[in-house]
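Report on the structure given below.
The values are calculated or read from the model by the stated rules, or taken from the named source; none is laboratory data. All figures in this text were calculated on a predicted structure; none of them were measured in a lab. We place every Cβ from the backbone using ideal geometry, glycine too, and count neighbours over all the protein chains shown.
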Amino acid sequence: MDHSVHTAPERLFRNDCDATLDILTDLVGNRTPIFAMPSWFVTQDSAHVGFQLSELVGELVGDDPAPDRRSFFANSRYEALHAAVKLLRHRGLDTFARHGGRVLVLDPAGTLRRRCDPLGAGPERALVPAVEFVATLGALTTALKDGRFCGVLVREAERYPPAELGEAAARCRTAGARVALDLSGLDVRQNRSPEAAALRPDLVVLGETLTGGEVPFGALVGSHDVFAPWTGTSAFVHSNTYGGNTVAMRRVRAALAARWDGAGPRPPGAQEPERAWPRVLDRYARHVNPATAALHRALHGALHVVEAHGSRLTVELDSGRRLQLVDGLCGAGLGIAGHNPPDALTEVVDRHDAAHDYVSELQTVLAGETGLPHAYPAVSGASAVETALTLAHLARPDHRRVIVFKHNYGGKTLVSLLATAADPTRAPFGPLYQDIHYIDPFAADAADQLRREVATGTVGLVWIELVHGSSDTFAPLPQELLDLVAAERSARGFLVGVDEILTSYYRCGRRFAHHGRLPEIDLMTLSKALSYGCFPTGAALVSDAVDAAARTAAPQLVAELRTAHAHQLGAHFAVHAVAQVDALRLGERAAAAGEIVREGSAALPARSTTVRRRFAEGLLGRIEVLPPRLLRRFLPTRGDALSTATILWWITRARVFIVYDVFLLPLTATDEELRHVMRQAGRLARTGPYRLLVQAALFRAGQRLRTATRLRTATRLRHPSVAALPPFIEGSHE
């Protein structure tokens, strides 16, 4: 239980955000992509911010010359702190037998401790286990003598003399533990950090101060060596949807440019981002993620999104040619009105009032929408899930068992990761919370497993994502299993939570995916639809009973969860997004659009050498692409060659922006755009797999030739052609 001395709840964001409003005016007005795709979205801004953060940390530490460092972009200091713990564990996997994944954290104010161990159960039974907290530097030194850790995280280092920090860092390294330093409260004008110079950290956590407290942001910055596990085949084992979005990148870029203008010498290249695309990719590879840059190079610009408007995206190939595409991804389901809707300016940006309480207004709106009266602000889907799981944990302190259905995706922070039921995604980051049971909802004995678990009387929460964006089964959860959950909830009193981040507001046909499928719920998470395609935001919604029980168990933590991520501009976008659902008559639109998708999916040939299984629920669907039969032993279904060939086919031949096997079609797409996508799906099914691979090889060869010609022709550099999508002419291709 929470017995600590209570202080004022943490608030990370300002109400006044004029600089961000100016950025949004420019981005939306110029149709600049804000969210195009998760993980693989590269922009000049993100590459440049990676460079700037490398230079910033080098200066703070006092490196001369500063070595290249990599960054991982998050949405808050807490997401970045979780990333730090995960990376320390992943980097120490080869010595796991010695330290067991244990991380030692100096956390004087206790804000991270409360989030990792909400019930004060201790490091073995905490929601985030094997993280040991101390409140003083002396206690940290003592713990290092007695324990073995893979890493040490230091928060509020400014409390201590640099000499003592240096001695502690030396003890850490003698004990074989890498050092991470939390500088999320950094004043961006600060030239040097005596604490960083003393600790010489392997990892540095940065936060919202780099956006002036105006945009959700966090970053983890470290050497290429410490980032080595997040390279190659495991490059995306840690990721998030909103990270690196253009609003945050522009705000950070401006803040750091001002720092060097006003507070210190400007490093070479720090003021203006590199504009030549090959050099942008070089910079991104050096300072963010080399695997992403390699993928972009392999696709010759097919993922280089340069314009976004409504249901259309424009990509620029390496040759300079531009292709206008129907967006079949929607930034992984972000927004309800497509990219850069004009009313985002006229109804939100131009009318935003810093004195208005949009956070409270959003709570009222969402209570009317869901029947859950308490809204906890979030900055991402993962932070919404983390808050919901934490509140459920507090509300049922004597019933700590959690049931999650396999194929569920909850996020990748150390708490939301519990709701991500994919072993490879969790494996490098243990130990994780153990009082959890994963049930395959499509197993023959799924109902029996559920009955056995709830019969123990230890289950406090059943967490459900009704429709999965990725699942080997290509199907929503069986209704029989949901009926059993509802019946057992009534009989045994456990909580039921639903993740509607991907599925809400008609993405899957219903206003909410659980409508008509689950009669009562206790918790819900929302995010993507609330963003309106413009701003990172989200919410965890809970019942009166959950809210009251959680407050009784841990009042200070609950107050922090209520206030820390409260963001008035994010809430304003969310209020407008919900109002637009009915203003745009999206319920009617989704019904008609869903019928087009169902008809198109049903029309796919029953037998195909390229496509095996298909699935559609509302406007979300998947089409499994098969490698050639003779090459299946050497070319796995999700292998790089097949993935890139499929992406290239969709973008350069079908003129649809789909990145492999998932489509999330825009709710505002026209009937003809939707029919075009489904016709192209049929065309893909009729394209033999060998032909698919040959076409990709020919495209690459052609792009190399055209790029070489472009580099020799200055006029083409100045005047790139635009190959707009024809009026849905079958067979057009690059």
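For region 480-503, does any single residue satisfy the condition of being in a loop (DSSP other than H, G, I, E, B), small (Gly, Ala, Ser) and surrounded by 17 or more Cβ atoms within 10 Å (Cβ to Cβ)? So that I can check it myself, show each step before the final result.
Residues of region 480-503 in a loop (DSSP other than H, G, I, E, B): 493-494, 500-503.
Adding the requirement that they be small (Gly, Ala, Ser) leaves 493.
Now narrow it down to the ones that are surrounded by 17 or more Cβ atoms within 10 Å (Cβ to Cβ): none.
Looking for residues that are in a loop (DSSP other than H, G, I, E, B), small (Gly, Ala, Ser) and surrounded by 17 or more Cβ atoms within 10 Å (Cβ to Cβ), one finds none in region 480-503, hence no.
When residues of region 348-387 are filtered for being assigned to a helix (DSSP H, G or I), under 13 Å from residue 571 (Cα atoms) and either within 22 Å of the chain's Cα centre (by Cα) or not polar (S, T, N, Q) (or both), how many remain? Break it down stepwise before answering.
Pass one, region 348-387, residues assigned to a helix (DSSP H, G or I): 348-349, 358-370, 381-387.
Then drop every residue that is not under 13 Å from residue 571 (Cα atoms), which leaves 348-349, 358-366.
If we keep only those that are either within 22 Å of the chain's Cα centre (by Cα) or not polar (S, T, N, Q) (or both) too, we end up with 348-349, 358-359, 361-362, 365-366.
Qualifying residue count for the region: 8.
Would it be correct to say that residue 163 is crowded, with 22+ Cβ neighbours inside 10 Å, of a type in the set (A, V, I, L, M, F, W, C) and farther than 25 Å from residue 429 by Cα?
Details: crowded, with 22+ Cβ neighbours inside 10 Å: no; of a type in the set (A, V, I, L, M, F, W, C): yes; farther than 25 Å from residue 429 by Cα: yes.
In short, no.
Scan 362, 414 and give me the residue that is over 20 Å from residue 546 (Cβ atoms) and crowded, with 24+ Cβ neighbours inside 10 Å.
Only one candidate passes the filter, namely 414.
Going through 492, 511 one at a time, which residue ends up being touching a residue at least 12 places away in the same chain (Cβ under 8 Å), closer than 25 Å to residue 576 by Cβ and among the basic types (Lys, Arg)?
Working: 492 fails: closer than 25 Å to residue 576 by Cβ.
One residue alone meets the criteria, 511.
Restricting to region 535-579, name every residue that is hydrophobic (A, V, I, L, M, F, W, C), over 23 Å from residue 240 (Cα atoms) and part of a loop (DSSP other than H, G, I, E, B). Walk me through it before giving the result.
The first filter runs over region 535-579 and keeps only residues hydrophobic (A, V, I, L, M, F, W, C), leaving 535, 539-542, 545-546, 548-550, 553-554, 557-559, 561, 564, 566, 569, 571, 573-575, 577-579.
Applying the additional criterion that residues be over 23 Å from residue 240 (Cα atoms) yields 542, 545-546, 548-550, 553-554, 557-559, 575, 578-579.
The answer is 554, and nothing else.
If I filter region 388-418 down to residues being more than 21 Å from residue 372 (Cα to Cα) and part of a helix (DSSP H, G or I), which single residue comes out as nearest to the chain's Cα centre (by Cα)?
Top of the filtered list is 417.
Consider residue 399 carefully, then state whether it is at pLDDT below 95, surrounded by 17 or more Cβ atoms within 10 Å (Cβ to Cβ) and not assigned by TED's automatic domain parsing to the domain that holds residue 233.
Details: at pLDDT below 95: no; surrounded by 17 or more Cβ atoms within 10 Å (Cβ to Cβ): yes; not assigned by TED's automatic domain parsing to the domain that holds residue 233: yes.
The answer is no for residue 399.
Based on what the data block shows, is residue 104 part of a strand (DSSP E or B) and more than 23 Å from the chain's Cα centre (by Cα)? Working first, answer last.
Details: part of a strand (DSSP E or B): yes; more than 23 Å from the chain's Cα centre (by Cα): yes.
Considered against the rule, which asks whether it is part of a strand (DSSP E or B) and more than 23 Å from the chain's Cα centre (by Cα), residue 104 comes out as yes.
Does region 583-601 contain at least one residue that is without any contact (Cβ under 8 Å) to a residue 40 or more places away in the chain and touching a strand residue (DSSP E or B) at 6+ places or on another chain (Cβ under 9 Å)?
Step one: filter region 583-601 for residues without any contact (Cβ under 8 Å) to a residue 40 or more places away in the chain, giving 583, 585, 588, 595, 598.
Adding the requirement that they be touching a strand residue (DSSP E or B) at 6+ places or on another chain (Cβ under 9 Å) leaves 598.
Yes, there is a match, as at least one residue in region 583-601 is without any contact (Cβ under 8 Å) to a residue 40 or more places away in the chain and touching a strand residue (DSSP E or B) at 6+ places or on another chain (Cβ under 9 Å).
Take the residues of region 104-160 that are hydroxyl-bearing (Ser, Thr, Tyr) and farther than 27 Å from residue 434 by Cα: which is surrounded by the most Cβ atoms within 10 Å (Cβ to Cβ)?
160
Restrict the check to region 412-425 and report whether at least one residue is in contact (Cβ under 8 Å) with a residue 12 or more places away in the chain and of a type in the set (Asp, Glu). Step through it out loud before you land on a result.
Within region 412-425, the subset in contact (Cβ under 8 Å) with a residue 12 or more places away in the chain is 412-422, 424-425.
Retained after the next criterion (residues that are of a type in the set (Asp, Glu)): none.
No: region 412-425 contains no residue that is in contact (Cβ under 8 Å) with a residue 12 or more places away in the chain and of a type in the set (Asp, Glu).
Please go through region 565-620 and give me each residue that is charged (D, E, K, R) and at negative phi, ordered by number. Show your work before the answer.
In the first step, residues of region 565-620 are kept if they are charged (D, E, K, R); the result is 582, 585, 588-589, 595, 598-599, 607, 612-614, 617.
Within region 565-620, 582, 588, 589, 595, 598, 599, 607, 612, 613, 614, 617 meet the criteria.
Output the helices (runs of 4 or more DSSP H) that fall wholly within region 1-96 and possess 3 or more residues being touching a residue at least 12 places away in the same chain (Cβ under 8 Å) and under 28 Å from residue 415 (Cβ atoms), or say none. Can you show your working first?
Working: elements: 18-29, 44-61, 77-91.
Where helices (runs of 4 or more DSSP H) fall fully within region 1-96 and carry at least 3 residues being touching a residue at least 12 places away in the same chain (Cβ under 8 Å) and under 28 Å from residue 415 (Cβ atoms), they are 44-61, 77-91.
Every residue, every condition in (1) crowded, with 24+ Cβ neighbours inside 10 Å; (2) aliphatic (A, V, I, L, M), yes or no:
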| site | (1), (2) |
| --- | --- |
| 48 | yes, no |
| 56 | yes, yes |
| 60 | yes, yes |
| 65 | no, no |
| 71 | yes, no |
| 74 | yes, yes |
| 79 | yes, no |
| 82 | yes, no |
| 87 | yes, yes |
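Among the residues of region 512-567, write down those that are more than 24 Å from residue 489 (Cβ to Cβ), of a type in the set (S, T, N, Q) and surrounded by 24 or more Cβ atoms within 10 Å (Cβ to Cβ).
527, 531, 537 - these are the residues of region 512-567 that are more than 24 Å from residue 489 (Cβ to Cβ), of a type in the set (S, T, N, Q) and surrounded by 24 or more Cβ atoms within 10 Å (Cβ to Cβ).
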